[in-house]
Amino acid sequence: MTRRLIVSYLSVTVFVLIVLEIPLGVFVASLQRERLEADLQRDAMVLATIYEDALDNNAPYSFEPAEDYAERTGGRVVVTDAAGISIVDTEAPLNRDFSTRGEVAAALAGLSERPATRFSETLGREILYVAVPVASGGVVHGAVRITFDPEAVNASVRGYWRGLAAIGGVVLAAVALIGWIIARSVTKPLTAMHDAAVAAGAGDLSVRIDPGEAPPEVADLARAFNSMAGRLQASMERQRAFVADASHELRTPLTALRLRLENIDAGLVGGSDDVAAAIAETERLAELVGQLLVIARTEGHTMPVGPVNLSAVVGARAELWAALAEERNVAVTTDVQASVEVMAVDGGVDQILDNLLSNAIAVSPAGTTIEVVVRSGAGSAEIEVADRGPGLAEEARERAFDRFWRGDASKEGTGLGLAIVRDLAVASGGSAALHARPGGGLRAVVTLRASGA
């Protein structure tokens, strides 16, 4: 990826250089050529003015102006009379007929044409020339022709092109270096992310990526990967702990059930009593498996939530459990506001109440009352189940939601009830907590989002 980024930077830079430098080079070359032609035209006219008096009056004339100009510029100056015969030539003998030269003939005809180029058969190279008439009062007395080797201008133009190419090379080298630095800053975390993804795919979920000074988008991606890896690691650890705890908890009733069945098969004990005990162990296994399935359903999954009439569900479940509570001389009272709706997973409120009421009945002394209260607040609602049991110490209340935790191991139970309450509350977007009840006992409070909040 680093190579592709650098190539893309260089491609854009080359395009920009072409768009900028080529028109600039063409413009400069054209400007220098026009400037040379304008200078030749002006110089020829100046020389024509110098030799005008001599040709008009048949007066003596000097070679010095033409020779000085030729020495200073490297050009060739030819001055002819009205017949086209050279009277001044800085590079060849005099008295040569130049009237056959097109530019000289045009000048002798009184025309002053723009400078032009042509290939000289005599010199064997291209020349730049200009010819102007030497005239006064409308009478042409001769012509001045200046020829110039354009190679000096061409060399200057080539030097300018070489300068532009050198600038372009420096720019490309700078862009390549800067592009490599930028590309490395972008691809380094991506490479680290690739390596981390490979490691995570191989099972190492502890791997993390340091965003460093990566661009914001890449840094956000690295942080998202770290968050995902962290959640996966936590989920895997919870799954391993869940499997270990479930295996441990299932082993005891399975062992007891196997022993009961082996005793029945061997005829070592009374059949009816062992059958009843085996059935009890089977029921315990069924309850344990059912609760494990509930936890497995909520573990690491986003469950759909929908509106639930909390008032109706609480009223129905409290009435159902009141009959069992009466057998133990425990009363169940309700204080429920009408038409309170919350958002919860399907069947979640029913299971939350079943577990809370089951626990409360199990610990409530005879002659006490379990209070079920529903409160509605701003954007949320609370279910409170309060008993007059022995309660729990603060440390025990913090651990009570752990799976398979039981405050009194001598009592029946799977230790999953409160864990299920918490998982269902969290899956519904709420929370669960235990508080000491003034005067003794425990208050279990589940908070759920109000419908429409």
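With respect to the conditions (1) in a helix (DSSP H, G or I); (2) modelled with pLDDT of 90 or more; (3) of a type in the set (Val, Ile, Thr), Ile352 lacks only one, and its number is (2). Pairing residues of segment 306-322 that are under 10 Å from Thr334 (Cβ atoms) with residues that are among the hydroxyl-bearing types (Ser, Thr, Tyr), at Cβ distances under 8 Å and at least 6 apart in sequence or on separate chains, gives Ser311/Ser339; Val314/Thr334; Gly315/Thr334; Ala318/Thr334. Output the residues belonging to segment 358-374 that are surrounded by fewer than 18 Cβ atoms within 10 Å (Cβ to Cβ) and modelled with pLDDT of 90 or more. Across segment 358-374, the qualifying residues are Pro365, Ala366, Gly367, Thr369, Val373.
The set of residues in segment 322-349 being outside any loop (DSSP other than H, G, I, E, B) and under 24 Å from Ser451 (Cα atoms) consists of Thr334, Asp335, Val336, Glu341, Val342, Met343, Ala344, Val345, Gly348, Val349.
Scan segment 411-435 for residues that are at pLDDT below 90 and closer than 17 Å to Ser364 by Cβ and the total you get is 5.
For segment 96-104, check the following and say yes or no: at least one residue is among the basic types (Lys, Arg), over 17 Å from Gly142 (Cβ atoms) and in the same structural domain as Asp53 (by TED's automatic domain parsing). No, segment 96-104 contains no residue that is among the basic types (Lys, Arg), over 17 Å from Gly142 (Cβ atoms) and in the same structural domain as Asp53 (by TED's automatic domain parsing). Of the residues screened, Val349 is not one that is touching a Leu at 6+ places or on another chain (Cβ under 6 Å) and farther than 22 Å from Gly440 by Cα. So which residues in segment 74-106 are more than 19 Å from Met45 (Cβ to Cβ), of a type in the set (Val, Ile, Thr) and part of a loop (DSSP other than H, G, I, E, B), if there are any at all? Passing the criteria: only Thr100. Only one of the listed residues (Phe63, Phe27) is among the hydrophobic types (A, V, I, L, M, F, W, C) and without any contact (Cβ under 8 Å) to a residue 12 or more places away in the chain. That residue is Phe27.
Within segment 38-62, the set of residues being outside any helix (DSSP H, G or I) and either touching an Asp or Glu at 6+ places or on another chain (Cβ under 9 Å) or closer than 12 Å to Arg145 by Cβ (or both) comprises Ala59, Tyr61.
Reported count of residues in segment 28-44, each being among the hydrophobic types (A, V, I, L, M, F, W, C) and surrounded by 17 or more Cβ atoms within 10 Å (Cβ to Cβ), is 4. Residue check: Ala344 meets all listed conditions (1) surrounded by 21 or more Cβ atoms within 10 Å (Cβ to Cβ); (2) closer than 21 Å to Gly441 by Cα but one, namely (2).
The values are calculated or read from the model by the stated rules, or taken from the named source; none is laboratory data. Remember, predicted model here, so these are calculated numbers, not experimental data. Using ideal geometry, Cβ is built from the backbone for each residue, glycine included, and neighbour counts are taken over all protein chains shown.
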